[in-house]
Amino acid sequence: MATEIKVPSLGESVSSATIARWLKQAGDAVAADEPLVELETDKVTVEVNAPEAGTLASVLAPVGAEVEVGSVLGTLADGGAAPAPTPRSAQGGSAATAGIHVPPAPPGPVARPAAPAPLPAAAKLLAEHAVPADAMAGTGKDGRVTKGDVIAFLDKANKAAPAPAPAPLARPAREVALGEERVKMTRLRRTIAARLKEAQNTAAMLTTFNEVDMSACMDLRAQYKDGFEKKHGVRLGFMGFFVRACVAALQEFPAVNAEIDGEDIVYKHFVHMGIAVGGAGGLVVPVIRNAEALSLAEIEAAVGRYGRAAREGSLKLEELTGGTFSITNGGVYGSLMSTPILNPPQSGILGMHKIQDRPVAIAGKLEIRPMMYLALSYDHRIVDGREAVSFLVRVKEMIEDPRRLVLGL
Amino acid sequence: MSTEFDVIVIGAGPGGYVCAIRAAQLGMKVACIEKRETLGGTCLNIGCIPSKALLQSSENFTEAAHGFAAHGIMLEGVTLDLARMQTRKTEVVTANVRGIEFLFKKNNVTWLKGAAKILGEGQVSVDDTTYHGKSIVIATGSESTPLAGIQVDEDRIVTSTGALDFPAVPGHLVVIGAGVIGLELGSVWRRLGARVTVIEYLDRIVPGIDAEIATAFQRVLTKQGIVFKLGQKVTGATLTDAGVTLTMEPAKGGTATTLEADRVLLAIGRRPHTEGLGLAAAGIATDARGRVVTDAHFATNVPGIYAIGDVIAGPMLAHKAEDEGVALAEMLAGQKPHINYDAIPSVIYTWPEVAAVGATEEDLKAGGVAYTVGKFPFTANGRARAMGSIEGFVKILADAQTDRLLGAHILGPDAGGLIAECVTALEFGASAEDIARICHAHPTLSEAVKEAALAVEGRALHI
């Protein structure tokens, strides 16, 4: 019995993926849970594992093909043998009597190329538009690319790049000049580009600023960092303080933690905190789920783990979806001030920056304090200026006096 | 003899015998029950094969009598030996049915001779013996549909069975029903010299065939001398000394008229043949038209009992039954075959022939599908001209947006052979342009198919 290998659920708002590479070839024996194929999604690379032990009987989606969630990638046959055992001898049939209803010879195992050739008219169109056949999934017999598939693909490509941007396939790209290099955008980069632009096009985005005196947090950290690390096995950083402060402020100002859905506002009684980190292929925002229920140590542990995973490119899809609010820290690269862009459909993002000793007036006296500028970008459609500003003030108060975090003040 | 089998197939027609052979190929122990003295069912004994034998013979006779002169072959005194023609037909049938017997022996399929009665899950009786089968397949086929007021005696008033065995060419043959069977057998006797009148209840011939093809087909047959009376309802038949007097009235109502015939062929359709099978007692569900109800895997409502072919829903065609027989046998072996019911060809073996696959223009209009049409006449095909068979045309229907082939309809010489490439193209999801881009040998009739495909884009070359 053949088992179909299907594209797994890729998390919310992700409906399709591109075949990055097949790790097994048709005919290979595979163990249960052994990775078969790598899919590249808008967010991460996902491996699809063998649902059971057997033989990879067929590969239906070639490298580069776009596949939908639930579509069949290939089939897995029982046992380690070649697919479709030959049923008894096939010869003979027509030797009987001329003109009789001779049954068709039973099909033996037929060697089939992994990606069947496109149909003739499709091949012509593909060549004319310089599109590889494996750029799309074929709907013809055994996944062959049909003329209709190419027409649909070209239509989609044309729609994806509306005027005034030139349609990428309809018009040859401009010549690469001396000293230039043309590199195809990765899917992740294309997604980042599209999502950021979507945020700017959709939200009424506005940024409010404040600054925070980090003295108290730094003192606390200096005093307890050894004991903290010994007990919890993670270093005591500042991110935990900010996450906790944001959680408390979000509970006070729920609009900042809400999203717009059509005509409605959806409020969330939990905080799934996105933490923007620079990954190997670009910016990713892993999500700390139910941050409101986590201790400072648990948050620090999660931040550390996600940072490593992002660098290794091993983040899982479910770790990248569902955030309700985000924090981005440009300070690690030295940024003093920035206006972060929202991560749709979220309505708020906190920007942390570099801690810099600056002279400030404290009780009429000039003092040198470790200061950080804070930025909150928000969607003015559902967050009022008062709420946004008050939110940021609350964060500032709790960071400047971490005892408030303990007391819930 | 053993009474225990993996599979017991009831009926040895194209569906049943193919299912039995395929199941045996897959290593199952198979029996096939057949009450007829020979294997092969209606198709081989009293259907497709004998009718094709007579169609070929009568076509040859027509050619010799009327066609050869145009080629400069002058024959005088061409005469008909109907007895010899009928004997040849019987020889063809005998060779075919013996072939099935040979195939049964070769594949170790046990032929249980007699009438089957289903006793319940896994049990069938033939005469007084009860046989046990893990799976039972109903493949009992179909029979001619009767018509109220017409008493078939298989002499003066016949079904297709009797029409294959006339001892003499009737002076006037009246065919009730302008479907495939009526027109094929009407053609046979028309070619052999009978006056042929076809009465049809509907106001068109060959329902289900693309209307444009049907209209052209009717014109061709009329030219051959067949008279059509459409929109007429036959209400009765009386045997007289001279033959039969038929009464009919317009289907829309009106004055009744009579028609004298030497013989009458009743060919208004076929209905599932399940009499004596014990379906009701076994609790096997049938629909309003008497067809055995099956799911997508040919399973009836009774576990272990399956049905295929004319006895279930779908077109009553031998090749449909055969494909179902193969598919079912493979399913019983745990395989997962699939039948594409949208790509089943149908052929009318007159001359010229009519062949079709996929949607008709009427289907597409009714479904609101945007389509394009390409047509090419055989008058513009070199080979057809050389053959002297220039009647008819090829019609290709394609999706207006994707150019995907949606239907192909052919009226013309060897249309039944020409349709095969269209079936393949349809199955592979090909576009009309694909057909046009595949090389077709010159000079062949198949070039007409290619040109019709080119015509979809308005760029046929030879017209």
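Table for the structure above
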quantity	calculated
Cut-off 11 Å (backbone N to label point 7 Å along Cα→Cβ of A:Glu397), residues of the stretch A:245-279	A:249
Mean-position separation - Cα centroids, the stretch B:430-449 and the stretch A:223-293, in angstrom	65
Amide N of the stretch A:329-363 lying under 20 Å from the label point, which is placed 7 angstrom from the Cα of A:Ser390 along Cα→Cβ	A:347-350
Mean Kyte hydropathy of 1.0 or more with a Cα span along the axis of at least 15 Å, helices from DSSP in chain B	B:415-427
From phi via Karplus (6.51, -1.76, 1.60), per-residue ³J(HN,Hα) for the stretch B:372-388 in Hz, x at Gly/Pro	10, 10, x, 10, 8, x, 6, 4, 9, 9, x, 5, 4, 5, 4, 6, x
Simple Cβ-charge dipole of the stretch B:344-455, Lys/Arg +1 and Asp/Glu -1, about Cα centre, in debye nearest 20	240
Of the GluC sites (Glu not before Pro) in the stretch B:1-109, those whose Cβ has at most 16 other Cβ within 10 Å and which sit in DSSP loop	B:Glu37, B:Glu76
A:Met218 paired with B:Ala64, simple spin-label distance in nm, labels 7 Å along Cα-to-beta-carbon	11.6
Integer Hz, Karplus 6.51/-1.76/1.60 couplings in order for the stretch B:397-413, x for Gly and Pro	10, 10, 5, 5, 7, 9, 6, 4, 5, 10, x, 9, 9, 10, 10, x, x
Sites A:Arg235 and A:Arg189 - FRET efficiency at Förster radius 30 Å, r taken between beta-carbons, to 0.05	0.45
B:Val93 accessible area, assembled protein chains, probe 1.4 Å, Å²	20
Set of the stretch A:312-345 residues, backbone N closer than 11 Å to the point 7 Å along the Cα-Cβ line of A:Leu283	A:327-330, A:339-344
Å² per residue, accessible surface of the protein assembly as shown at 1.4 Å	47
Distance between modelled label sites at A:Asp142 and A:Ala204, nm, 7 Å Cα→Cβ extension	5.9
Long-range amide H partners of A:Glu211 with built H, under 5 Å	A:Leu374
Mean shadow area of the stretch B:157-268 over all directions, Cα convex hull, nm²	6.7
Residue-level accessible surface for B:Ile209, protein heavy atoms, 1.4 Å, Å²	20
Förster radius 56 Å - calculated FRET efficiency between A:Ser15 and B:Thr3 (Cβ-Cβ, nearest 0.05)	0.50
Built amide H within the under 5 Å cut-off of A:Ser71, gap 5+	A:Val7
Where A:Glu367, B:Glu433 fall by accessible area, highest first, once all protein chains stay in place (1.4 Å)	A:Glu367, B:Glu433
Lys/Arg +1, Asp/Glu -1 at C-beta; the protein assembly as shown dipole; positive extreme among B:Ile419, A:Ser347, B:Thr3	A:Ser347
Accessible-area order (highest first, 1.4 angstrom probe) of the listed residues A:Lys230, B:Lys52	A:Lys230, B:Lys52
Separation between Cα centres of the stretch A:25-75 and the stretch B:261-295, rounded to whole Å	48
Trypsin sites (Lys or Arg not before Pro) within the stretch B:210-280, DSSP loop, no more than 14 other Cβ atoms inside 10 Å	B:Lys252
For the pair B and A, total buried accessible area rounded to nearest 100 Å², probe 1.4 Å	2600
Hz values of 3J(HN,Hα) by residue in the stretch B:431-442 - Karplus curve (6.51, -1.76, 1.60), Gly and Pro given as x	8, 4, 4, 4, 4, 5, 8, 8, 5, 10, 5, 10
Label-point gap, in nm, between B:Leu80 and A:Gln251 - each point 7 angstrom along Cα→Cβ	10.1
Cβ-derived FRET efficiency at R0 25 Å, A:Ala117 paired with A:Leu23, nearest 0.05	0.55
Chain B - mean residue ellipticity at 222 nm from DSSP helices (-39,500 (n - 2.57) per run, n ≥ 4, rounded to 500)	-9500 deg cm²/dmol
Built amide H within the under 5 Å cut-off of B:Thr294, gap 5+	B:Ala313
Solvent-accessible surface ranking, highest first, for B:Tyr371, A:Tyr224, B:Tyr349, A:Tyr333 at 1.4 angstrom	A:Tyr333, A:Tyr224, B:Tyr349, B:Tyr371
Heavy atoms of B:Arg195 accessible to a 1.4 Å probe, total area in Å² rounded to 10	140
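The values are calculated or read from the model by the stated rules, or taken from the named source; none is laboratory data. If you're wondering where the values come from, they're calculated on a predicted model, not measured in any experiment. Ideal geometry is used to build each Cβ from the backbone, glycine not excepted, and the neighbour counts take in all protein chains shown. The area values use the complete protein model at the heavy-atom level, side chains included, leaving out ligands, DNA and RNA. Shrake-Rupley method; radii C 1.70, N 1.55, O 1.52, S 1.80 Å.
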